[in-house]
Amino acid sequence: MIIVVGIGADGMAGLAATSRDELQRATVVYGSKRQLDLLDDTVTAPRRQWPSPMLPALQTLTDRHTDDVHVVASGDPLLHGIGGTLMRLHGPDHVRVLPHVSSVTLACARMGWNAQDTEVISLVTAPPHTAVRRGGQAIVLSKGRLTPHEVAALLTAHGRGESEMTILENLGGPTEHRRGGTARQWAQAPSDVDDLNVIALRYLPDERLLPLPDDAFAHDGQITKHGIRAVTLAALAPRPGERLWDVGAGSGSISVEWCLSWRGCAAVAFERDERRRHNVGLNAAAFGADIDVRGDAPDGFAGLEPPSAIFIGGGLTQPGLLDACLEHLPTGGRLVVNAVTAESEATLAGSHSHLGGQLRRFQHYHGEPLGGFTGWRPQMPVTQWMITK
C-alpha cells in the first residue's frame, strides 16, 4: 500500500493524529526536499528525495519495497498533486490519501471567498498565459517566485491591468505573508516573492461572454465569422478534457472557443502563414487558451497525441489533406469541414457521397441601409460536412 500524507507549511505541528501516526510508523518516506525537511525527529524512517525525472520512480515505487510505502506531499495531494498520479499508476485500491488543508482552501479563507465560486488554476506545469481570464476570480498555484510577475505582465499586456492581485506566501506557516495590489503594479514590482506562493486574482474588467464577437480576436480577415463559428462549435461538440486539431486555423477563433468551452480542453492549431500563426498566439494568450501553434498540415501531424475532433477551416483542396485528417482521427472522433469555394464544395460532396455523414449549407444575411430603407446583403454561403469516424 502507498500512503500519501499531506503536510502544510506548519509541518508536523499541523498534522492530524492519524497522519502523524502514519509517518511515525513508516519504514521509508518519499517526498521533495522541502516536504521532507518539514518532518521532525519523531519520523525515524529513511527519507528519499524524488529524483528527476520523477515519473519512472513513481511507476516502480512498490517494486522496491515489501512494506507500506509512505509519501509526504503538500496540502491536499489530490488537488493538482501527486495523489492523483499515484492512483492513476497503481489504482485507487493500492493508494491511501490522508489530505491536509490545501493551499487553495487557505487562500480562499484569507480572501473571504467561497471555494465553489473560485476557479483553481495550476501553473506548476502549464505556461503562464493559461491563467489569463476575462473575468471572475481564481486561485493560481505558482511554479515559483517569478510566477506572479509573469502573470501580472500578461494580464497588463492584454488589458487586464486593473485586476486585483494578492500574493499569499508560505500559507499556514509561521512566516505567512500577504501582499496586495493591481496586476499593473505587480508587473512593475521586483520579484522578491517567496518560492512557496499562491496568487488570488479577481479579473477586471469583467468581460465574460460566449460566443465571442469577431473584433475580440486579432485577425487579418481570415476568421470564421461569429454566426458560422457558433454552428461550427455546435457541430464539433466539445466535451471536457478533449483535444482539437484546427487545420487552416487562420486567427484561431475556433481553437480559442473550443478551449473555453470546458475545463481541460486544448487545441493544436495548424497554420502555414507566419503572420496568422502570430495572431493565433496572440489570441491564445489573450484568452488563456491552451493552444499549441504549429505550421503546415499534414506534415505536423506526426508524433502528436490523437485528437478528439478535427476542424478543417482552410486548405481543403491541398492534395492528401482530407485523407490524412481522416487517417489520424481515432474511432469515435468527429471531423467538421467548412468550405466556401466551388472546388472545396465539390470535394465535400464527393466525400459525403462516399463516406456518409451530414452535409449542410448556411447562408447568412445582414441588414444594411438601402436608401431610406433596409435591405438584406448576403454573406458568402458556407457548406459544412461533418462525420463521426
Report summary line: Picked from region 239-253 (must be part of a loop (DSSP other than H, G, I, E, B) and within 14 Å of the chain's Cα centre (by Cα)), the residue surrounded by the most Cβ atoms within 10 Å (Cβ to Cβ) is GLU242
Report summary line: Of (1) in contact (Cβ under 8 Å) with a residue 24 or more places away in the chain; (2) within 27 Å of LEU316 (Cβ to Cβ); (3) open to solvent by 20 Å² or more (accessible area, probe 1.4 Å), GLU257 fails just (3)
Query raised in the report: Which numbered condition trips up LEU168, out of (1) part of a loop (DSSP other than H, G, I, E, B); (2) under 30 Å from ALA73 (Cβ atoms)?
Result: (1)
Query raised in the report: Quick one: how many residues across region 282-314 are open to solvent by less than 40 Å² (accessible area, probe 1.4 Å) and at positive phi?
Result: 1
Query raised in the report: Do we have any residue at all in region 169-192 that's without any contact (Cβ under 8 Å) to a residue 40 or more places away in the chain, open to solvent by 50 Å² or more (accessible area, probe 1.4 Å) and under 24 Å from SER255 (Cβ atoms)?
Result: no
Requested in this report: With the checklist (1) open to solvent by 10 Å² or more (accessible area, probe 1.4 Å); (2) under 27 Å from HIS366 (Cα atoms); (3) among the charged types (D, E, K, R) in hand, flag the one item ASP273 doesn't pass.
Outcome: (2)
Query raised in the report: So which of GLU162, GLU150 ends up being assigned to a helix (DSSP H, G or I) and open to solvent by 30 Å² or more (accessible area, probe 1.4 Å)?
Result: GLU150
Report task. Kindly indicate which of SER253, SER191 is among the hydroxyl-bearing types (Ser, Thr, Tyr) and not assigned by the TED database to the domain that holds THR130. Result -> SER253
Report task. Only one of these is within 26 Å of SER74 (Cβ to Cβ) and modelled with pLDDT under 95: VAL151, VAL198, VAL193. Name it. Result -> VAL193
Query raised in the report: Can you name the residue in region 195-234 that is of a type in the set (Gly, Ala, Ser) and assigned to a helix (DSSP H, G or I) and is also surrounded by the most Cβ atoms within 10 Å (Cβ to Cβ) among such residues?
Result: ALA216
Query raised in the report: So VAL268 fits all but one of (1) touching a Ser or Thr at 6+ places or on another chain (Cβ under 9 Å); (2) at pLDDT 95 or above; (3) more than 24 Å from LEU154 (Cα to Cα); what number is the exception?
Result: (3)
Report task. Could you list all residues from region 315-340 that are more than 16 Å from LEU236 (Cα to Cα) and open to solvent by less than 60 Å² (accessible area, probe 1.4 Å)? Result -> GLY315, LEU316, GLN318, GLY320, LEU321, LEU322, ALA324
Query - Boolean, ASP40 is over 28 Å from the mean Cα position of the chain (by Cα) and exposed (fewer than 13 other Cβ atoms within 10 Å of the Cβ) - result: yes
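The values are calculated or read from the model by the stated rules, or taken from the named source; none is laboratory data. Everything numeric in this text was worked out from a predicted model, so none of it was measured. Don't worry about glycine lacking a Cβ; one is built from the backbone with ideal geometry, like all the others, and counts go over all protein chains shown. We work out accessible area using only protein heavy atoms, side chains counted, and drop any ligands, DNA or RNA first. Shrake-Rupley method; radii C 1.70, N 1.55, O 1.52, S 1.80 Å.
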